[in-house]
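Colleague: Dropping the structure in here first, questions after.
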Amino acid sequence: MRTVKLMLLLTMILILGGCAGIKVNQDYDPGTDFSKFRAFTWKSETQPKTGDVRIDNPLLDTRIRKAIDTTLVNMGYRRVVQGPYDFKVGYSYAVRTTLDSSPVSVGTGFGIGGGNTFGGVGIGIPVVGQNYDEGLLVIDFTDFQHGNLLWRGTGTHRISMRSTPEEITMAVNTLVEKVLAQIPISRKM
């Protein structure tokens with residue numbers, strides 16, 4: 001019985017841990033030599049308005065830009081306002097409502113049951129959870145000459161509309177760091 005309780009506890013920890021994390025992905029032009037990148041500038045001074053009050057927040061824009069600047073500088077890149085640079089940085093952010101549910105599962109088991117039966121099949125029915133807000137951050141590096149996309153990093157995370165400013169800043173910093181950690185050849189110093 002103790003083993004069953006331990007297995008249930010471990011299963012719950014894995015399920016809850018899998019839901020809470022940041023998921024990242026990237027795509028890039030394989031012909032780009034990222035090791036030659038030294039300096040960057042912003043594609044635009046401000047983010048275009050989206051019409052969503054959750055996103056069109058100057059405080060959020062400042063946090064995201066500061067996190068991108070800080071992370072890239074810590075990776076060895078230099079931010080320039082004018083003059084020569086290797087790539088432009090831009091970002092977009094979206095909030096979408098997602099439904100949390102568990103998938104259908106099938107399992108088998110063997111043992112001795114009533115009437116000397118052996119084995120069985122079980123089917124797990126999906127459990128529909130509740131809606132939650134998920135933030136999607138997309139960071140783009142574009143070519144300085146033609147504006148062609150060179151690298152795109154994406155990250156998603158759960159967000160809460162009841163977070164403190166400190167919690168929001170910490171969440172933004174973590175999200176940006178994980179997205180930018182995917183750059184194919186970073187210049188970490």
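Each reported figure results from applying straightforward, stated rules to the coordinates on display, with no laboratory input. Small disclaimer: the values here were computed from a predicted structure and weren't measured. Quick reminder, even Gly has a Cβ in these numbers, built from the backbone with ideal geometry, and neighbours come from all protein chains shown.
Colleague: Sum up the charges of everything whose Cβ sits under 13 Å from the Cβ of Ile68, counting Lys and Arg as +1 and Asp and Glu as -1, but leave Ile68 out.
Modeller: Numbers: positive: Lys43, Arg63, Arg65, Lys66, Arg79, Lys88, Lys178; negative: Asp61, Asp69, Asp140, Glu177.
Around Ile68, the surrounding residues sum to +3.
Colleague: Continuing with this model, one more query. How high is the FRET efficiency between Asp143 and Glu45 when r is their beta carbon distance and R₀ equals 22 Å, given to the nearest 0.05?
Modeller: 0.70
Colleague: Filter the trypsin sites (Lys or Arg not before Pro) in the range 39-101 to those in DSSP coil with at most 16 other Cβ atoms within 10 Å of their Cβ, and list the result. Can you show the working numbers first?
Modeller: Numbers: sites: Lys43, Lys49, Arg54, Arg63, Arg65, Lys66, Arg78, Arg79, Lys88, Arg96; in loops: Lys43, Lys49, Arg54.
Listed in order of number, the matching sites are Lys43, Lys49, Arg54.
Colleague: Starting from the Cα of Ile22, step 7 Å along the direction of its Cβ; do the same at Ile55; then give the gap between the two resulting points in nm.
Modeller: A separation of 1.9 nm, rounded to one decimal place.
Colleague: Related question: What's the local net charge at Arg152, with K and R +1, D and E -1, over the other residues with C-beta under 12 Å away? List each step's numbers first, then the result.
Modeller: Values: positive: none; negative: Asp27, Asp29, Asp140.
Summing Lys and Arg as +1 and Asp and Glu as -1 gives -3.
Colleague: Right, another one. Quick one: length gained pulling Gln82 to Met170 fully straight, 0.36 nm per residue minus the C-alpha distance? Don't skip to the end; give the middle numbers.
Modeller: On the way: separation 88, 0.36 × 88 = 31.68 nm, distance 2.98 nm.
Length gained between Gln82 and Met170: 28.7 nm.
Colleague: Along Cα→Cβ, 7 Å out, is where each label goes; now give me the distance between the ones at Arg158 and Val73 in nm to one decimal.
Modeller: Computed distance between label sites Arg158 and Val73 equals 3.3 nm.
Colleague: I've got another one for you. Sequence-distant or interchain residues sharing an amide H contact under 5 Å with Arg38, placed H: which?
Modeller: Residues meeting the amide H criterion: Asp86.
Colleague: For a quick check: sort Ile139, Ile22 by the number of other beta carbons within 10 angstrom, fewest at the front. Intermediate results must be reported in sequence, preceding the final value.
Modeller: Details: Ile139 25, Ile22 16.
Lowest to highest Cβ neighbour count: Ile22, Ile139.
Colleague: Add +1 for every Lys or Arg and -1 for every Asp or Glu among the other residues with Cβ under 14 Å from the Cβ of Thr41, and state the total.
Modeller: Once all neighbours under 14 Å are counted, the net charge is +1.
Colleague: In whole Hz, with x marking every Gly and Pro, tabulate ³J(HN,Hα) for the range 49-54 from phi via Karplus 6.51 cos²θ - 1.76 cosθ + 1.60, θ = phi - 60°.
Modeller: Those phi angles translate into 6, 9, x, 9, 5, 5 Hz.
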